[in-house]
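Just below is one structure, and these are the notes that go with it.
The values are calculated or read from the model by the stated rules, or taken from the named source; none is laboratory data. Bear in mind the structure is a predicted one, so any value in this text is a computation, not a measurement. A quick note on method: Cβ atoms are made from the backbone with ideal geometry, for glycine too, and the neighbour counts reach across all protein chains shown.
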Amino acid sequence: MTPLGRHRYTVLVVDDDVSVLDCYNKLLSRAGYRTLIESDPRRVLMHGRPMEDVDLLLVDYKMPEMDGLSLLAELRRRECRARCILISAFLNDGVRQQARTLGVDHILEKPVDVGLLRGALAELLPVDGERAAGIAG
């Protein structure tokens, strides 16, 4: 799972729970990913934060100020093409359909199985040294 090729992948994690952010940050950093964390999805959209270097979004669905799919919809409108994993404890058919429409690659249910997360990361961010086609940029 460690991306040791020529490119170091960047993962932006957005979750309102700071302890969850800390866990993801540790897991992803130890695996060799460059990790950006944000607890407020609105701040991701502020100040023209550059998204072209973000390869993957790891986004919680249910957050107080803006849900993860609303964040993703705005990022897609701004032409962010990063791959996406949605995390949720509140899945239903409507959420799944909206996620498909927005190009979510994987949906993982809470509590997140670390093995499933690692598998999704390995699939979406190949470790052969080349950035996957269609990722950010």
Practice prompt. Determine whether the stretch 89-99 contains at least one residue that is under 20 Å from Thr10 (Cα atoms) and either in contact with a strand residue (DSSP E or B) (Cβ under 6 Å, 6 or more places away or on another chain) or at pLDDT below 95 (or both).
Written response: no
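Among the residues that make up the stretch 51-70, is at least one of them of a type in the set (Lys, Arg), over 11 Å from the mean Cα position of the chain (by Cα) and at pLDDT below 95? Before you say what the answer is, go through the steps one by one.
Step one: filter the stretch 51-70 for residues of a type in the set (Lys, Arg), giving 62.
Add one more test, that the residue is over 11 Å from the mean Cα position of the chain (by Cα), and what stays is 62.
Add one more test, that the residue is at pLDDT below 95, and what stays is none.
Taking every residue of the stretch 51-70 in turn, none turns out to be of a type in the set (Lys, Arg), over 11 Å from the mean Cα position of the chain (by Cα) and at pLDDT below 95.
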Discussion item. Can you list residue pairs whose Cβ atoms sit under 6 Å apart, with the first residue in the stretch 112-128 being within 14 Å of Leu27 (Cα to Cα) and the second being modelled with pLDDT under 95 and among the aliphatic types (A, V, I, L, M)? Count only pairs 6 or more apart in sequence or on different chains.
Written reply: Arg118/Met1; Ala122/Met1
Item to complete: Kindly provide the set of residues from the stretch 29-65 that are in contact (Cβ under 8 Å) with a residue 60 or more places away in the chain and either touching a strand residue (DSSP E or B) at 6+ places or on another chain (Cβ under 9 Å) or under 18 Å from Asp113 (Cβ atoms) (or both), ordered by number.
Response: Ala31, Tyr33, Met51, Asp53, Val54, Asp55, Leu56
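Just to be sure I understand, how many residues within the stretch 25-51 are hydroxyl-bearing (Ser, Thr, Tyr) and touching an Asp or Glu at 6+ places or on another chain (Cβ under 6 Å)? Explain how you work it out, then say what you get.
Pass one, the stretch 25-51, residues hydroxyl-bearing (Ser, Thr, Tyr): 29, 33, 35, 39.
Now drop any that are not touching an Asp or Glu at 6+ places or on another chain (Cβ under 6 Å), which leaves 39.
Going through the stretch 25-51 one residue at a time, the tally reaches 1.
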